[in-house]
Amino acid sequence: KKKKNEKQFFKKMTTKKYITLILILGSLTALGPFSIDMYLPGFSGIAKDLHTSVAKVSMSLSSYFIGISAGQLLYGPLLDRFGRKKPLFIGLMVYILASLGCIYVTNIDSFILLRFVQAIGSCAATVASVAMVRDLFPVKDIPKVFSLLMLVVGLSPMLAPTIGGYVTEDYGWHTVFFILMCMGIAILIASQVGLPNTYKPDTSISLKPKPIITNFIIVFKEPQFYTYAFTGAIAFSGLFSYVAASPIIFMDIYHVDAKTYGWIFAFMP
């Protein structure tokens, strides 16, 4: 029955609908990279306003990465158990509220915690976009769709810090989180209105820790998992090391301004 519904949906999909779905899924994919990169030019300003060091501010980046890692484990079972749109809605609401909290934060510890919460929320968009590609497109189109989404991921580190640099320089780092909050609101509305319900909740999936852990153990026993996991980990470790250290090196040591740092970050990798 599910396959029959999917075939009917694919037949009804027009070019306009196809492009709309790609744009919405692309925006879901881009939310994470923008949340990581857009506030980097504001590290010096954040450190000054919160009476701390740039090195301590960089811990907010580490907390965000921890949140992303934890969130992926959380949303997988939730998206299968409750369908795609409900967990996505809740996750984006968490993201929006955490972004709002970052605007009015008064100390670095709260900022680090809010960045963790923000990552938990944004991770719903990342995981849901991947799951929805499998739901919405035929198998032969999935590689093409993923390549388009990866293009968005590749462009985000170029656009986000550059935009963030100009916004930070002209309006302050608080405005960056206001923009991220507005992005979250826009993506939430677009996803709830523009994405169809093609996956029915599976009530047979248990959310108890034991069956979830058992499923993870099954994956861990697969030798091929380690090949893909370590390859990805090594590739991203270099990128994230640069992301975490670059604000300290360029803004704290070389004293470049936010706009210049944005351009350096965008083109140096």
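The values are calculated or read from the model by the stated rules, or taken from the named source; none is laboratory data. This structure is a prediction, so every number in the text was calculated from the model and none was measured. All Cβ positions, even for glycine, are placed from backbone atoms using ideal geometry, and neighbour counts span all protein chains on display. Quick note on the areas: whole protein, heavy atoms, side chains included, nothing else; ligands and nucleic acids left out. Shrake-Rupley method; radii C 1.70, N 1.55, O 1.52, S 1.80 Å.
Worth a mention:
- FRET efficiency, 1/(1 + (r/R0)^6) with R0 45 Å, evaluated for Ser62 and Thr15 via beta carbons: 0.55
- Burial order of peptide ranges 41-48, 109-116 (average beta-carbon count within 10 Å, highest first): 41-48, 109-116
- Formal net charge of residues neighbouring Ser129 (Cβ-Cβ distance under 12 Å; K, R +1; D, E -1): +1
- The residues of the chain expose on average 53 square angstrom of accessible surface per residue, using a 1.4 Å probe on protein heavy atoms.
- Distances between placed amide hydrogens fall under 5 Å for Val256 paired with Met251, all partners being 5 or more residues away or on another chain.
- Rounded percent of accessible protein surface that carbon and sulfur make up, the chain, 1.4 Å probe: 70
- Approximate shape of region 122-250 as ellipsoid semi-axes (Cα gyration tensor, √5λ), whole Å, largest first: 32, 23, 16
- Ordering of 77-84, 204-211 by packing [mean C-beta count within 10 Å, highest first]: 77-84, 204-211
- Between helix 258-267 and the chain there is an angle of about 50 degrees, using the helix long axis and the longest principal axis of the Cα atoms.
- Extreme residue, positive dipole direction of the chain, given options Leu73, Thr231, Pro209 (C-beta unit charges): Pro209
- Surface accessible to a 1.4 Å probe, Tyr166 within the full protein complex, Å²: 100
- The chain - convex hull of alpha carbons, volume per residue in Å³: 138
- Helix axis angle, 108-136 relative to the chain longest principal axis, alpha carbon, degrees: 30
- Order of exposure, largest accessible area first, which applies to Val139, Val176 with probe 1.4 Å: Val139, Val176
- Rounded to the nearest 10 Å², the accessible area of Met59 at probe 1.4 Å: 90
- When each of Lys144/Lys200; Lys17/Lys140; Lys86/Lys200; Lys86/Lys208 is checked by Cα-Cα distance, pairs over 21 Å: Lys144/Lys200
- Per-residue 3J(HN,Hα) values for region 234-241, derived from phi via the Karplus relation 6.51 cos²θ - 1.76 cosθ + 1.60 with θ = phi - 60°, read 5, 5, 7, 4, x, 5, 5, 5 Hz in sequence order (x marks Gly and Pro).
- Largest to smallest in accessible area, the residues Trp263, Trp173 fall in the order Trp263, Trp173 (1.4 Å probe, all protein chains included).
- C-alpha long axis of helix 173-194 to longest principal axis of the chain, angle in °: 10
- Couplings 3J(HN,Hα) of region 72-80, computed from phi: 5, 5, 6, 7, x, x, 5, 5, 7 Hz, in residue order, whole Hz [Karplus 6.51 cos²θ - 1.76 cosθ + 1.60, θ = phi - 60°; x for Gly and Pro].
- Computed label-point distance, nm, for sites Ala235 and Tyr171 using a 7 Å Cα→Cβ extension: 3.4
- Of Thr203, Thr126, the residue with the largest accessible area leads and the full order is Thr203, Thr126 (1.4 Å probe).
- When +1 charges are put on Lys and Arg Cβ atoms and -1 charges on Asp and Glu Cβ atoms, the dipole computed for region 13-160 relative to its Cα centre reaches about 440 debye.
- Report note on the peptides 187-198, 212-223: ranked by the mean count of other C-beta atoms within 10 Å, highest first, their order is 187-198, 212-223.
- Spatial separation of Cα centroids for region 220-239 and region 55-134, in angstrom: 22
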